[in-house]
C-alpha cells in the first residue's frame, strides 16, 4: 500500500499540493479549521499571470526582477511566469470563479510595479477567499486526502539526519508523532512576529523555526515586505486596503490633503511597495497622518467593486466612497524562508517547503504584487510532480513531551513590539542590536516552546538584517541607506551561524 505524503499546513500551498498529488494518499496537518488560519484566504489582489494578449512571461519576469532589487533568481522567476497560465487553468478546474467579461475571457487588473494588466481576480478584492473556498471544497471531496484540523506542528523528528516525522499537538493539547519520510512544509509566514500585521495568528514563523532547528538553511530572512496600506483602525490583524485600489486610481494624501507620493517616485502611488511603505511611515512619524483617497477614482462604485475593504471600513464607521481611509504600514509578506531548489527540496533529506515558508529566489529583496499566490501554486505543483513515494509512515502515536504551555501574553507583546520598533520598516544598527538582545532573552527564558520558536524565527530576521549593512528592497537601514553592489547576493544562515551572530552581539562585538 502506498504511504501518504505528510503536508504541514492548510493554506493555498498545502491544499494545492495535496490536490495535485491526487490520487496518491496525502495527510494534511492544519493548525486551524481548514482554510481558516490561512493568510492566502486574506489575499485581495489575485494571481499574476501573463496570459493577456500582448503580455508575455518574459515581461512578467522583467517586472519581477525590477521589483526584486537585484536578488531575484532570473531562471526561477521565468520558469514560474511560464507556468502561470497552466496553474490558473488548474484553479478554474477546481472551481475558482475568477472574474470574466461578457465574452467569457478572464478580466485582469494592474497592480504596482507591473507593466501590464495581468492580475486575475475575483470580485475586485476577494480572490484569496474565493480560491481557498474552492480548494477546501475540492479537498473535502477528494478521498485520497486525510485532514487533521487544529493540529499544530511543534518540531520535526529526525533519524540519522533525515526528517522522519512531525511532532504536533491536536485539539486536546497532547503531543503526538506523525511519522513519514516525505514531508512538505507549508506553514505560512511570520506576520505575528510583528505588532501590526495583515496576517492571521497562525503566521508565527513556526515553519522557519522547526526547519532551522532540524538543520535546514534559511535564506533571505532579512527581507520583509510591509504593505503600505493596512487600514489603521486598531484591529489585530489589521485589515488590508488592497493595492488594486491604487491600480484603479486611488491616491495617498496626508491630513492636510496634500498628495505626497508624486515627489518621491515617477510611478507615484504605484511605486514598489517598500518605497510606498517608507513614505507612509515618514508621514506618520512626522505627525502628518496618511490616508487613501478613493473618492474620485472609485467613489460610489466602491462597495460593489471592493466589498471586503468596504466592509472593513464600515465596521469602523468609515464610508470609503466619501471618506478618507486612514492607513499605516503593516507586515505583509516574508520574502525569506527555508531555502529550496526549483522543485521545492530543502537542504534536509525528506523535507520540502512551499509557499511563504519557503525561499525559492523568485521574489528577491522585494516581492512583486500578486506573485505570492502564483509562487505557491507553481511550486506546489512541482513538488507533486517529483516527490518520491514515502517508504514508511504510521498512524499518529503519543509522544513523550511536557504539557502544552501557552505563550505569556506580556512577553508575546514584547516580542511583537520589539520587531515592529527595531526590525520594521526602517532599521538601524543600534535598534537591531537591541532587538537581538531582547529576542535572545525571550528564546532562552520562555516557558512556552511555541514562544521560544517564535523568538528563534524572529532572531533569524534580526540577525540577517544586522549582518546586511546596506539597504535593498524590503530591508532598509537608515545607517546604510543605499545598496552596496558587492552585497547583491542572497543571504543564507544555519542555526549555528545564527548563534555566532547573536553571541557576537551579546558579547558587545
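The values are calculated or read from the model by the stated rules, or taken from the named source; none is laboratory data. Remember, it's a predicted structure, so these values are computed and weren't measured experimentally. With ideal geometry, Cβ positions are generated from the backbone for all residues, glycine too; neighbour counts draw on all protein chains shown.
Side notes on the structure shown:
Matching residues to (1) within 22 Å of the chain's Cα centre (by Cα); (2) in a helix (DSSP H, G or I):
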residue	(1), (2)
35	yes, no
75	yes, yes
87	yes, yes
95	no, no
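- Within the range 100-112, restricting attention to residues that are in a loop (DSSP other than H, G, I, E, B) and crowded, with 18+ Cβ neighbours inside 10 Å, the residue that is modelled with the highest pLDDT is 110.
- Filtered by the rule that a residue be crowded, with 21+ Cβ neighbours inside 10 Å and over 22 Å from residue 106 (Cβ atoms), the range 52-68 gives 67, 68.
- When the residues of the range 263-280 are filtered to those that are surrounded by fewer than 22 Cβ atoms within 10 Å (Cβ to Cβ) and out of contact with any strand residue (DSSP E or B) (no Cβ under 9 Å at 6 or more places or on another chain), the one that is farthest from residue 363 (Cα to Cα) is 263.
- If you check 201, 184 for being outside the structural domain of residue 287 (by TED's automatic domain parsing), at pLDDT below 95 and either surrounded by fewer than 24 Cβ atoms within 10 Å (Cβ to Cβ) or part of a strand (DSSP E or B) (or both), only one passes: 201.
- Count of the range 423-449 residues which are surrounded by fewer than 22 Cβ atoms within 10 Å (Cβ to Cβ) and touching a strand residue (DSSP E or B) at 6+ places or on another chain (Cβ under 7 Å): 2
- Criterion: on the phi > 0 side of the Ramachandran plot, out of contact with any helix residue (DSSP H, G or I) (no Cβ under 7 Å at 6 or more places or on another chain) and without any contact (Cβ under 8 Å) to a residue 40 or more places away in the chain - qualifying residue of 104, 85: 104
- Matching residues in the range 1-23 - criterion: being assigned to a loop (DSSP other than H, G, I, E, B), in contact with a helix residue (DSSP H, G or I) (Cβ under 8 Å, 6 or more places away or on another chain) and at pLDDT 95 or above: 9
- Residue check, residue 302 farther than 20 Å from residue 191 by Cβ, in contact with a helix residue (DSSP H, G or I) (Cβ under 6 Å, 6 or more places away or on another chain) and in contact (Cβ under 8 Å) with a residue 12 or more places away in the chain: yes
- Filtered residues of the range 281-303 (kept if at pLDDT 95 or above, surrounded by fewer than 18 Cβ atoms within 10 Å (Cβ to Cβ) and assigned to a helix (DSSP H, G or I)): 299, 300, 301, 303
Matching residues to (1) farther than 24 Å from residue 270 by Cβ; (2) touching a strand residue (DSSP E or B) at 6+ places or on another chain (Cβ under 8 Å); (3) not in a strand (DSSP E or B):
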position: 98; (1), (2), (3): no, yes, yes
position: 114; (1), (2), (3): no, yes, yes
position: 137; (1), (2), (3): yes, no, yes
position: 142; (1), (2), (3): yes, no, yes
position: 146; (1), (2), (3): yes, yes, no
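- Residue in the range 263-280 that is nearest to residue 473 (Cα to Cα), counting only those that are free of Cβ contacts under 8 Å to residues at least 40 places away in the same chain and in a helix (DSSP H, G or I): 275
- Looking only at residues in the range 207-236 that are in a helix (DSSP H, G or I) and under 13 Å from the mean Cα position of the chain (by Cα), the one that is nearest to residue 426 (Cα to Cα) is 208.
- Taking (1) outside the structural domain of residue 244 (by TED's automatic domain parsing); (2) out of contact with any strand residue (DSSP E or B) (no Cβ under 6 Å at 6 or more places or on another chain); (3) in a loop (DSSP other than H, G, I, E, B) in turn, residue 381 satisfies each apart from (3).
- If you check 412, 439, 430 for being without any contact (Cβ under 8 Å) to a residue 24 or more places away in the chain and assigned to a helix (DSSP H, G or I), only one passes: 430.
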